[in-house]
Each structure stands twice: as structure tokens, then as C-alpha cells.
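Chemist: Pasting in a structure now, in C-alpha cells, and then I'll have a few things to ask.
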Amino acid sequence: MKNKILIVDDEKLIRVSLEDKLVKEGYAVASLSNAIDGIKLLQSANFDAVITDLRLPKMDGIEFLREIKKASPDTVVIIMTAYGSIENAVAAMKDGAYDYVTKPFSLEELIIKLRKALKHKDVVEENILLKQRVFSQYGYDNMIGKSEGMKRVFEIISTVSNRDTTILIQGESGTGKELTAGAIHYNSNRRDGPFIKVSCAALNREILESELFGHEKGSFTGAIKTRRGRFELADGGTIFLDDADDIPLEMQVKLLRVLQEREFERVGGEETIPVNVRVICATKKDLKKLVQEGRFRQDLYYRLHVVTVHLPPLRERKEDVPLLATYFLKKHAERQRVAVHSVSQEALGLLMLYNWPGNIRELENAMEHAVAFCASDVIAPGNLPACLLERETSSGIFPMELSAIDSIDLQETLSDAERKLLVWAYQKTNGNQVRMSEILRIPRTTLQNKLVKYNITKPVTF
């Protein structure tokens, strides 16, 4: 698509010359002799750039510039001015003009400045789109759950997002720790700053120190140039330290100093570098237990343990499984461009029975697998991964291995057993509540209450 350019100048010769040149360069061009007509045109049509003289009849170029920015803030403006009016052109740039040219000027000079202005406009728009995509990825819409545990997580995020306090996110692998950290950052007043992620488990001590704090040229073998670390890159924004429980003890001292003093030195450096950064850490292990075992510094633990977000494992929020399954079904059906719209009650029953050791990540993988193997518009049990189907044929309705267990949550275990029996009865009777109440030997009103409690209903569609 051609870029649209508006030329405004009361000198006809300049207007015609510019219009001819820009048309030959491949632009779509309109030209006018005064700013009043220019404002009217901008209110009814979109232009990528305006090239305007500073001195115009009826309304001068500065006032015209301000009106352009009101009508079309994204339009870039280049000012044409006489040599004696350069100060006014500089003032125009302060009011939002991208650049200026002084008369007399060559058409080639103007074309070069126009290209730079349009490229700048494209970069700005791309950055805006990127931020919108990132915000969409980390927004509340992608954090799904109606369980009490997730409601508490949402409350904490809403409360602490705009408060520059250190946050510790605790949860098993696959529970959504990075998504939670992103939601905190992108709903905070630091959202326009960088969100820098570091996996502390993936790097050894030497590399991790350089990765976090940077290094000076020649500080170690292979340090051929000075490199900024992640803390410097996160200045003005948020740094997310995933798997903080894997940070070596000797590194924890330096991290503690950054948290306390908001300053550090690069590896091999002498200059103290101040940093304005919010720290969010995530751990899959109990840091308090690691402190007791001497594997984590107590003073660092207390620095991190200001606000803690506990992400419950999926097995403790089974009521969220249908919602999550529907979300991932829609996501992967769109990606794979297939018309899969719902999960059968039998397949949903298997999803509810499974304990999801890999948590949400495993559930998403299971739904992606199911969509890929689904030949109709409804996911059936046979479309699910084998590990979910194996439970259907295992001995007993809910076999338990107690020999390796030291303690058990009786209420949770009984609730899980009750849910499984209800799903079993639902599948056996195809949802006939009269038959269900008979084979379960409970009153129908009690059955109905329990079906609502455990969200055992018809297939979810969207």
C-alpha cells in the first residue's frame, strides 16, 4: 500500500514540484494551499505524513502542526522553513514535528528525510503492536480459574501490581509462574519498561553471574567485549528470576546486595552501577526448608519473602480443568485451523480423573494432542494421550498406593473419590439422574447438589 502524503504550501510552484517528485517516488499525494483546508482534509482522511510550510495564510505552520497532532497523532510532520526561521522550526519539533528542511532545499534532501520519518512511524507502530501482543499474552484473560486458590492469586496480583515490592511466586513446574510474573509487570506502572526473564536453573555459577550483572572486557577468558547484564537491561522495568532456588550460595550474597542497595558491579568491573528495577522471583521448592538445610541464605529468603504468591497445583483446583480445557481447545483449534468445538462428557471425565503431575503445561499439551487427532468436531476419549486412557483400565475405580505415603489429606482424598464415583455413574448412565441416584443409592436432590459442586455437566462448547 502506498504511503499517503499531504503537502501544504501557499507557493504553487513548490507544491507542484513536490507533488510530481513524490508521485514518481511511488507515494499517493494530495496538495493544498492553506492550513484550514488541510485540517478539514485530515479530519476525513488518513495521511502518513504532512509536509508543510512554516509560514501560511490564515493559520501559521506551528498552529497547524498542533491541529494535525490533535486530529491525527500518528501522522509525522516535516516543516519547510526559510533560513531566518530556523528557531521557529526547532520550536515546531518540540511541539511534535519530526524534522525540518530550510529553503531552498533539494528534492533529494526532502525525500531522504521523508523516508526516515516514515520508517520511524513504522517502528513506533510495530512497537505498539508488539506491546499489545505481549500484554494480551500476560493479561488477566490468559489466567484462567474460578477456584478459591486462583481467586486469591488474582486478588494478590490486583493489590500488589502497582506497588514496587519484591514478589516471590511459589508453585510446582507448569503452574504458570512466568505468566503470573508477566501479569504483575504488565498491570503495573512499569508496564512500559522492560520485562527481563532469567532462568537460573539453566546456567552454571560463572555464566549466571555474568548473565545477571554483566562483565567488563577481558574480565575472563572469552570476554572479548563489555557486556551489560540482565539487571542493567531491566532498568526501569522488572526482572523475573525463575528457579531462584537454584541460585548458588556464593551468588546469593550479590543478589542480596542488589535487593538492598539497588546497585552492583559488573564481573571484573570497579564502577558501581545503580539500577531501578523490580524483582520477581519464582521457586518450585520450599525456600524455608532450603534455609533450614543450609542451601539458601536466610537473609535473602526474608528479602524475597515480602509478598508471596502461592500457585496451587492443578490437582488441587480440579474445578478449573473444564475452563482450561476449553481455553486450550479453542487456542489450538485456531492454530491448527480445524473445526473442533467441544469436549465429550466421557473425555472430560478422564480429564477430571487425571491428577496432572505436569499441571497446566501438561493439560495444554494434552489438549493440543487431542485437537491434532480429532477427526470430528467433538473430542472423544480416544483422542486423548495414552497416559489419560491408562487410568480407565487400571485396577479399581481409584487405586491408591499408600505404602510410600507418610500422611494424607483425608478431606481432599474423600472429595476426589466422590468426584470419581459421580463421573463413573454419569458415564455409565449417560447422565440419566434417575439411574445415577439408583446406582449410587443417594437421593436425587443430593445427587443434583453434588453434580453442581463438582461441575459435572454436559460438554462445554464455545
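The values are calculated or read from the model by the stated rules, or taken from the named source; none is laboratory data. Nothing here was measured: the structure is a model prediction, and the numbers come from that model. Reconstructed Cβ throughout: ideal geometry from the backbone, glycine too, with neighbour counts over all protein chains shown. In case anyone asks, the SASA skips ligands and DNA or RNA and just uses the protein heavy atoms, side chains included. Shrake-Rupley method; radii C 1.70, N 1.55, O 1.52, S 1.80 Å.
Chemist: How would you rank 66-78, 46-58, highest first, on the average number of other Cβ atoms within 10 Å across their residues? Spell out each step's value before the answer.
Modeler: Values: 66-78: 17.8, 46-58: 19.8.
Per-residue mean Cβ counts within 10 Å order the peptides as 46-58, 66-78.
Chemist: List the residues, sorted by chain then number, that are 5 or more residues from V343 or on another chain and whose placed amide H is less than 5 Å from its amide H.
Modeler: I379, V460
Chemist: Assuming 0.36 nm per residue, please report the length gained on full extension of the stretch R315 to K330 beyond their Cα-Cα distance.
Modeler: On the way: separation 15, 0.36 × 15 = 5.40 nm, distance 2.22 nm.
Extending this stretch completely gives an extra 3.2 nm.
Chemist: Please work out the FRET efficiency for the pair N276 and K24, using the Cβ-Cβ distance as r and a Förster radius of 51 Å; give the result to the nearest 0.05.
Modeler: 0.55
Chemist: Now, a different point. Let me make sure I get this right: for segment 1-131, a, b and c are the square roots of the gyration tensor eigenvalues over alpha carbons, sorted descending. Under 1.5 in a/c it's rounded, otherwise prolate if a/b > b/c, else oblate. Which is it?
Modeler: Details: a/c = 1.32, a/b = 1.21, b/c = 1.09.
Rounded, since a/c falls under 1.5.
Chemist: Rounded to the nearest 0.05, what FRET efficiency do N46 and K94 give with R0 = 35 Å and r taken as the Cβ-Cβ distance? Could you check? Don't jump to the answer; show the numbers that get you there.
Modeler: Numbers: r = 25 Å, r/R0 = 0.71.
After rounding to 0.05, the efficiency reads 0.90.
Chemist: So for the chain: antiparallel DSSP bridges make up what percent, rounded to the nearest 5?
Modeler: On the way: 4 of 43 bridges.
Expressed as a percentage, antiparallel bridges in the chain total about 10.
Chemist: Can you tell me the length gained on complete extension of the stretch H120 to V16, counting 0.36 nm per residue apart and subtracting the Cα distance? Spell out each step's value before the answer.
Modeler: Details: separation 104, 0.36 × 104 = 37.44 nm, distance 2.62 nm.
Residue separation times 0.36 nm, minus the Cα-Cα distance, leaves 34.8 nm.
Chemist: Which Cα, out of V340, Q252, L351, lies furthest along the positive dipole direction of segment 228-353 (beta carbon charges, K/R +1, D/E -1)?
Modeler: Comparing the listed Cα positions along the dipole, V340 ranks first.
Chemist: At a 1.4 Å probe, what is the % contribution of carbon and sulfur to the accessible area of the chain? Numbers along the way, then the final one.
Modeler: Numbers: 12190 of 24370 Å².
Taking all protein chains in place, the chain shows 50 percent carbon and sulfur surface.
Chemist: From largest accessible area down, sort T175, T165, T445; use a 1.4 Å probe on the protein chains.
Modeler: Of T175, T165, T445, the descending order of accessible area is T445, T165, T175.
Chemist: Still on this structure, please answer the following. Using the beta-carbon distance between E250 and R361 and R0 = 22 Å, what value does 1/(1 + (r/R0)^6) give for FRET efficiency, to the nearest 0.05? Display every interim value, and only then the final one.
Modeler: On the way: r = 32 Å, r/R0 = 1.43.
In this case the efficiency is close to 0.10.
Chemist: While we're on this one: Report, in degrees rounded to the nearest 10, the 0 to 90 angle that the Cα long axis of helix 35-44 makes with the longest principal axis of the chain.
Modeler: 20
Chemist: Here's another thing I want to ask about it. Could you point to the residue in P312, A35, P104 farthest towards the positive end of the chain's charge dipole, with +1 and -1 charges on the Cβ of Lys/Arg and Asp/Glu respectively?
Modeler: Checking the options against the dipole of the chain, the answer is P312.
Chemist: In nanometres, what is the gap between the two model label sites at N204 and E412, each 7 Å from Cα along Cα-to-Cβ?
Modeler: Result: 3.8 nm between the two label points.
Chemist: With each pseudo-label sitting 7 Å past Cα toward Cβ, what's the R152-M59 distance in nm, one decimal?
Modeler: Using points 7 Å along Cα→Cβ, the separation is 5.9 nm.
Chemist: Is the shape of segment 173-300 best called rounded, prolate or oblate, per the rule: a/c under 1.5 gives rounded, else a/b larger than b/c gives prolate, else oblate, with a ≥ b ≥ c the square roots of the Cα gyration tensor eigenvalues?
Modeler: Details: a/c = 1.71, a/b = 1.17, b/c = 1.46.
Judged from the Cα gyration tensor, segment 173-300 comes out oblate (a/c at least 1.5, b/c at or above a/b).
Chemist: Assign one of three labels to segment 63-127, namely rounded, prolate or oblate, based on the Cα gyration tensor with a ≥ b ≥ c the square roots of its eigenvalues; rounded applies when a/c is under 1.5, prolate when it is not and a/b is larger than b/c, and oblate otherwise.
Modeler: Working: a/c = 2.46, a/b = 1.25, b/c = 1.96.
Here segment 63-127 falls in the oblate category.
Chemist: Which value in deg cm²/dmol, rounded to the nearest 500, describes the helix-derived mean residue ellipticity at 222 nm for the chain, given -39,500 (n - 2.57) per DSSP H run of n ≥ 4 and division by the residue count? If you can, show how the numbers build up before the last one.
Modeler: On the way: 19 runs with 223 residues, N = 462.
Mean residue ellipticity, 222 nm, calculated: -15000 deg cm²/dmol.
Chemist: Which order do H310, H215, H305 take when ranked by solvent-accessible area (1.4 Å probe, heavy atoms of all protein chains), largest first? Let's see the in-between values first.
Modeler: Working: H310 115, H215 15, H305 75 Å².
Final ranking, largest accessible area leading: H310, H305, H215.
Chemist: Moving on. Would you mind calculating the relative contact order of the chain from Cα pairs under 8 angstrom and at least 6 residues apart, reporting the percent as a whole number? Could the numbers behind the result be given before it?
Modeler: Details: 689 pairs, mean separation 50.1, N = 462.
After rounding, I find 11 percent.
Chemist: Using only Cα atoms, tell me the angle between helix 321-336 and the longest principal axis of the chain; keep it within 0 to 90° and round to the nearest 10.
Modeler: Roughly 50 degrees between the two axes.
Chemist: Looking at [x] 1.08; [y] 1.01; [z] 1.38, which value of Cα Rg over 2.2 N^0.38 Å comes from a calculation on the structure shown?
Modeler: [z]
Chemist: Compute the length gained on full extension between N430 and L389: take 0.36 nm times their separation in residues and subtract their Cα-Cα distance, giving the result in nm to one decimal. Don't skip to the end; give the middle numbers.
Modeler: Numbers: separation 41, 0.36 × 41 = 14.76 nm, distance 1.88 nm.
12.9 nm is the gain from fully extending N430 to L389.
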